[in-house]
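One structure is given here, and the rest of the page talks about it.
The values are calculated or read from the model by the stated rules, or taken from the named source; none is laboratory data. Just so it is clear, the structure is predicted and the values come from calculations on it, not from any experiment. Neighbour counts run over all protein chains shown; Cβ positions are idealised from the backbone, glycine included. Only protein heavy atoms, including side chains, enter the accessible area calculation; ligands, DNA and RNA are left aside. Shrake-Rupley method; radii C 1.70, N 1.55, O 1.52, S 1.80 Å.
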Amino acid sequence: MQSGRAPASQAPLSRRRLFGLSAGAFLAAGCTGDADRDDRGNDTTGRPKSTESGRPRAAAPDGALGANFNEDPTYVDKAALDGLGTSWVRGFTVLDRVKEGMAPERLRAVRALLDLHSQGFGTILALKFQFRKEGRTVPAPGTREMRAELAAVDKVLETVLDKVEILTLGNEPFLETRPQERRTKLNPFYQAVAKHVIDYRDARFPGGCRTRLHMGALNHLDDPAMLSDATEEWIAFVNRTVQLDGLDMHPHVTSAGAAQKYLDYVLPRLDRAKKFLVTEFSLVNHYQRQMPKPLPAPFLTAHGKDLGLGRDTRVWQFLKAAAARPLTEEQWRDFLRMSPWFEDHKHFMRDQVTAYRETGRLAVATYGVVQGKASVRDITEKTKPWMLNSLYVPRTVRHERGAPLPRSYTVSDDFAALQREQDRLPKR
């Protein structure tokens, strides 16, 4: 964050407000058509460059905390984000849909991010390539199949470049590629994509572009079986490519100790000039282990009769019923509060963001913002309970149309507190 003192006539500015007013610090250089913008993103009169709505743009990410909606932006609007105090939002889009003929601006995630960008939010878009489907293979650079992938990329770039603040090349590449191709085909493909995007951006915006580039997310770094020469090369490519600002990682884990292994692996290898994103993180693997367990006795005592629950009701059955017939906020809160497997880890999100910020190298971390429709579909005892990782819980808690969305126990409070903490950090 750029330092600066407000004129005496102005009230002191919070760090979050500075995130808006120092937007130009985020630009690689003045964008094409912005001849009046100085290297801080202000016009030559010193006024902040604003959006169509008059709201200042988000500034350079430096330990920012935002909201992630993946591919489903339902309920994610200015009111929901302002209710959390965040200026950043992230989603992903699947390139296959563009290859099938859908215009990028019609994709829900793209449309939502562009709309939020116009309202002054910092936006992050991840490009998702899916190569785990039966019959799919990772294309080799120079082939017809590769040209088809790059043609789809170009259509997205034409729509989002200089509008989204961060473009992530790849969503979860190592999980979206078949194991037998991770060591041989994955890096050549994604490196070719990155070089193509860099060339496209530099040709389209020779004066500089506000969209910065990160390589997509590393997963399962707590599992030695996922560490290889391929993951080493992934980071090495980021280090030697000056046009890349850094990389992303997604620690979906069973414990805080497992999450720490991501930092232990990435930070010693990542050049200190680079930053990292954490656009998804959660304890979902820990929660998944609880699905076959019975509900806690105190919860059954408090709410069992009203909800028709018995001592043999399992967690997954309860969640399935809550998705079909949402609970009151009190019932949802008590379910989490009285479940030791949640209560004992209720500050996981807070503690992780603190750890990421303390490295001094975090650009943006984003946490699941709203329960998606897919998260409450076809729940079984083997389901990953993504609905437990959301700040807003409108699919398991009743709420009136038009009323503020119901919030999850503890986590949404911690999220808001982390935003206030960001306001109090020393200005850089």
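Quick check on Val315: is it in contact with an Asp or Glu (Cβ under 8 Å, 6 or more places away or on another chain) and surrounded by 20 or more Cβ atoms within 10 Å (Cβ to Cβ)?
no
Exactly one condition in (1) assigned to a loop (DSSP other than H, G, I, E, B); (2) modelled with pLDDT of 95 or more; (3) farther than 18 Å from Val253 by Cβ is not met by His345; state its number.
Here His345 clears every test but (3).
Filter segment 152-168 for residues that are in a helix (DSSP H, G or I) and open to solvent by less than 40 Å² (accessible area, probe 1.4 Å); which is nearest to Ala192 (Cα to Cα)?
Residue satisfying both the conditions and the ranking: Val153.
Kindly provide the set of residues from segment 272-286 that are of a type outside the set (A, V, I, L, M) and not in a strand (DSSP E or B), ordered by number.
Arg272, Lys274, Thr279, Glu280, Phe281, Asn285, His286 - these are the residues of segment 272-286 that are of a type outside the set (A, V, I, L, M) and not in a strand (DSSP E or B).
Pick from segment 328-357 the residues that are over 17 Å from Gln419 (Cβ atoms) and of a type in the set (D, E, K, R): which of them is least open to solvent (accessible area, probe 1.4 Å)?
My answer is Asp334.
Please find, within segment 234-260, the residue that is farthest from Leu169 (Cα to Cα) out of those that are touching a strand residue (DSSP E or B) at 6+ places or on another chain (Cβ under 8 Å), assigned to a loop (DSSP other than H, G, I, E, B) and without any contact (Cβ under 8 Å) to a residue 60 or more places away in the chain.
Once the filter is applied, the top-ranked residue is Val253.
Limited to segment 315-330, what total is found for residues that are in contact with a helix residue (DSSP H, G or I) (Cβ under 8 Å, 6 or more places away or on another chain) and not in a helix (DSSP H, G or I)?
1
Within segment 268-282, is there a residue that is within 12 Å of Thr359 (Cα to Cα), at pLDDT 95 or above and surrounded by fewer than 16 Cβ atoms within 10 Å (Cβ to Cβ)?
Yes - at least one qualifying residue is present in segment 268-282.
Suppose we filter Lys274, Lys320, Lys261 for residues that are under 26 Å from Glu71 (Cα atoms), under 28 Å from the mean Cα position of the chain (by Cα) and of a type in the set (Lys, Arg); which single one remains?
Being under 26 Å from Glu71 (Cα atoms), under 28 Å from the mean Cα position of the chain (by Cα) and of a type in the set (Lys, Arg) holds for just one of Lys274, Lys320, Lys261, which is Lys320.
Please find, within segment 173-188, the residue that is least open to solvent (accessible area, probe 1.4 Å) out of those that are over 23 Å from the mean Cα position of the chain (by Cα) and farther than 15 Å from Ala236 by Cβ.
Within segment 173-188, the match that is least open to solvent (accessible area, probe 1.4 Å) is Glu181.
Please work out which one of (1) in contact (Cβ under 8 Å) with a residue 60 or more places away in the chain; (2) among the hydroxyl-bearing types (Ser, Thr, Tyr); (3) out of contact with any strand residue (DSSP E or B) (no Cβ under 9 Å at 6 or more places or on another chain) is the condition Thr184 fails and give its number.
Thr184 satisfies every listed condition except (1).
How many residues does segment 344-359 hold that are under 20 Å from Ala273 (Cα atoms) and among the β-branched types (Val, Ile, Thr)?
Here the count works out to 1.
More than 21 Å from Tyr75 (Cβ to Cβ), touching a helix residue (DSSP H, G or I) at 6+ places or on another chain (Cβ under 6 Å) and either acidic (Asp, Glu) or crowded, with 20+ Cβ neighbours inside 10 Å (or both), is that true of Glu421?
No; evaluated as a whole, the condition is false for this residue.
Give segment 105-132 a look and list any residue that's over 23 Å from Gly63 (Cα atoms), in contact with a strand residue (DSSP E or B) (Cβ under 7 Å, 6 or more places away or on another chain) and buried (at least 16 other Cβ atoms within 10 Å of the Cβ), or say none.
Leu107, Ala109, Val110, Ala112, Lys128, Phe131
Sort through Leu300, Leu336, Leu263 and tell me the only one that's aliphatic (A, V, I, L, M), in a helix (DSSP H, G or I) and without any contact (Cβ under 8 Å) to a residue 24 or more places away in the chain.
The unique qualifying residue is Leu300.
All but one of (1) touching a helix residue (DSSP H, G or I) at 6+ places or on another chain (Cβ under 9 Å); (2) within 24 Å of Gln352 (Cα to Cα); (3) open to solvent by less than 30 Å² (accessible area, probe 1.4 Å) hold for Ala217; which doesn't?
Unmet condition: (1).
If you check Asp222 against the conditions, is it surrounded by fewer than 23 Cβ atoms within 10 Å (Cβ to Cβ), under 21 Å from the mean Cα position of the chain (by Cα), more than 23 Å from Thr177 (Cα to Cα) and modelled with pLDDT of 95 or more?
No, not satisfied.
Could we say that Thr366 is open to solvent by 10 Å² or more (accessible area, probe 1.4 Å), at negative phi and among the hydroxyl-bearing types (Ser, Thr, Tyr) here?
Values: open to solvent by 10 Å² or more (accessible area, probe 1.4 Å): no; at negative phi: yes; among the hydroxyl-bearing types (Ser, Thr, Tyr): yes.
So Thr366 fails the test.
Out of all the residues in segment 201-210, is one or more open to solvent by less than 30 Å² (accessible area, probe 1.4 Å), assigned to a helix (DSSP H, G or I) and not aromatic (Phe, Trp, Tyr)?
Yes - at least one qualifying residue is present in segment 201-210.
Look through Arg407, Arg398, Arg428 and report the one residue that is among the charged types (D, E, K, R) and either surrounded by 23 or more Cβ atoms within 10 Å (Cβ to Cβ) or at pLDDT below 95 (or both).
Only one candidate passes the filter, namely Arg428.
When both residues are 6+ apart or on different chains and their Cβ atoms are under 7 Å apart, which pairs have a first residue that lies in segment 137-165 and is at positive phi, and a second that is among the aromatic types (Phe, Trp, Tyr) and part of a loop (DSSP other than H, G, I, E, B)?
Close Cβ pairs (under 7 Å, with a partner that is among the aromatic types (Phe, Trp, Tyr) and part of a loop (DSSP other than H, G, I, E, B)) amount to Asp162/Phe205.
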